[in-house]
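Worksheet: one structure, shown below.
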Amino acid sequence: MAGRRGSDSGILKGSSGVTLKYVPLPGLLVLLAVWWGGAVADSDLQPTVPEISPRTAFESGVAAFQSGNLQQARRLLEQARDAGLASSALLYNLGVVYYRLGLYDQASAAFTPLLDSPHAPLARYNLGLVLQKQGDTEAANAWFSQAAGDSAPREIQLLAQRQLASGGSSSATSTSASAAGATRTVVFLSAATGYDNNIAGAPSDATSDQAGAFGDLLASGRAYLGRGEGRAIRLEAVALARQYPSESEFDNLYLSVGAGWQQPLGAARFVSDLRISRFWFGGDLLEQQVSLGASYNRPGCFWPEQLMVDCKLAAFVSTIQGGSDFSAYDGALYGGEISAGKSLDLWRFDGAWRLEFDRRDDLEVGEEFFSLSPVRQTLSVVAERQITDRLSLGAEPMFRSSRYADPHRVISGGQLISRTRDDEQFRTRVFAGYRLDRRWQLGLDLVWVDNRSTLGRYQYDRGELMLSLDGVF
């Protein structure tokens, strides 16, 4: 996602907040094993494979590989392929298994079709490994040189550069975060400037001059402390600041630290984490959250099997304490999310549905009462296309409904009016990203928000244009 994402790090930032999300390339953990493992001889003991669906065969094949049963992994993955399953993840994993079994021609045949996909840098690297094993060092180094190019993800660049530096030796030590004792870190930095035409979110019929420029600074990082067999401790931190030179009362600052654990479950991955965050608004502490979350990530979770859509189920619960002047924000927030993603040629599609239950103390001032406790549902879709090796374009429409628990009581025209607040927000974002080199990219985001409400004071339009410089290290 261009503009506010380090595409190689899996770290994302939306214009309305900050989240961290690790999105591994399907089969990446398995693929990197090509570099570290040696060939395994065929076994005369060949267990039979029962008749199962292509999707189940694929998932079982990945699980068999992770458990070290290469022959079983080969049969299951070939069964999925022969049954009509076609996906980048399947080709990658088949190529890796063939490589580990010493079937280099078949490994090359599996990796080659991926040269025309968004995963071409990793395919080039793997083809170099295959040729290296076949004794063609010159041809292998040609592939490694291409894999080390500026358009490749940083991790692939480093692997390819090490192969070139080692003179073609494939006996280098593993740097995987899943290897016992290994550590991997990712840092994302971003500086942005832009223009907001309705900083305060003032009603559409109000006269407001609260529009102006803003500046953003974002720093986030994640460390993986490997514990072997795909398990790892995850440490992460985020700092985001936004300043409005002409409207400093709307300046805000967000800080968050967290720790978690990731554990493979067959072909899937389970992650749990604990996070503490604070949010300041206009220089005052607005609220502090302590959150506990869990997620289940699984490739190929939806029918039909040929789609091989990657999905994620997540749940969270947070306790919230408002600042000294914001005790009405005391309470809890809990909910969950279902999301899915699919890479298709030069396209990437992602969708999510999120449900939140916000329970706060609410605000009562004299006769007036304001509910701060909505039930929210959010539906979003992202479509992004790689135009060239450096340029990508995309769009993200989003719809969010918010129904507040108790009716508002407000004084209007000298009368006390009671009405339940229901909001419907339509948000459209278009974005572009241009990669400058292996670490830096430029991003351009245009966002338009149309918030409709049963209470006029909460009905507004808002537009934002932002230019950013993002780096991944």
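Structure notes:
- With the simple spin-label model, which puts each label point 7 Å out from Cα in the Cβ direction, the Phe270 to Trp347 separation comes to 3.5 nm.
- Ranking of His408, His119 by count of other Cβ atoms within 10 Å, fewest first: His408, His119
- In plain terms, the residue of Tyr404, Tyr434 with the fewest other Cβ atoms within 10 Å comes first and the most crowded comes last, giving Tyr434, Tyr404.
- Each of Gly212, Gly366, Thr378 was placed along the dipole of region 178-472 (beta-carbon charges, centred on the mean Cα), and the one lying farthest toward the positive end is Thr378.
- Relative protection proxy for 185-191, 125-131, 210-216, from highest mean packing down: 125-131, 185-191, 210-216 (other beta-carbon atoms within 10 angstrom).
- Relative contact order of region 298-407, pairs being alpha-carbon contacts under 8 Å that are 6 or more residues apart, as %: 19
- On the basis of the beta-carbon distance and an R0 of 22 Å, Val187 and Gln243 show a calculated FRET efficiency of 0.50.
- For region 247-285, no residue has its backbone nitrogen under 18 Å from a point 7 Å from the Cα of Asp82, taken along Cα to Cβ.
- Ascending count of other beta-carbon atoms within 10 Å, so fewest first, for Trp280, Trp347: Trp347, Trp280
- Residues in region 323-331 carry Karplus couplings, in order, of x, 4, 9, 9, 5, 5, 8, 4, x Hz; the curve used is 6.51 cos²θ - 1.76 cosθ + 1.60 with θ = phi - 60°, and Gly or Pro positions show x.
- Distance between the 7 Å Cα→Cβ label points at Leu393 and Gln377: 3.3 nm.
- Gap separating the Cα centres of region 244-284 and region 76-123, nearest whole Å: 37
- The distance between label points at Tyr334 and Leu158 comes to 3.9 nm (points 7 Å beyond Cα on the Cα→Cβ vector).
- Protection proxy ranking of 364-377, 84-97 - average other beta-carbon atoms within 10 Å, highest first: 84-97, 364-377
- One chain, two ends: Thr137 and Arg278. Fully extended at 0.36 nm per residue, the span grows by 45.4 nm beyond their Cα-Cα distance.
We did not get these values from a lab; they are worked out from the coordinates using the rules stated. All values reported here derive from a predicted model rather than from experimental measurement. So basically every Cβ, Gly included, is an ideal-geometry build from the backbone, and we count neighbours across all protein chains shown.
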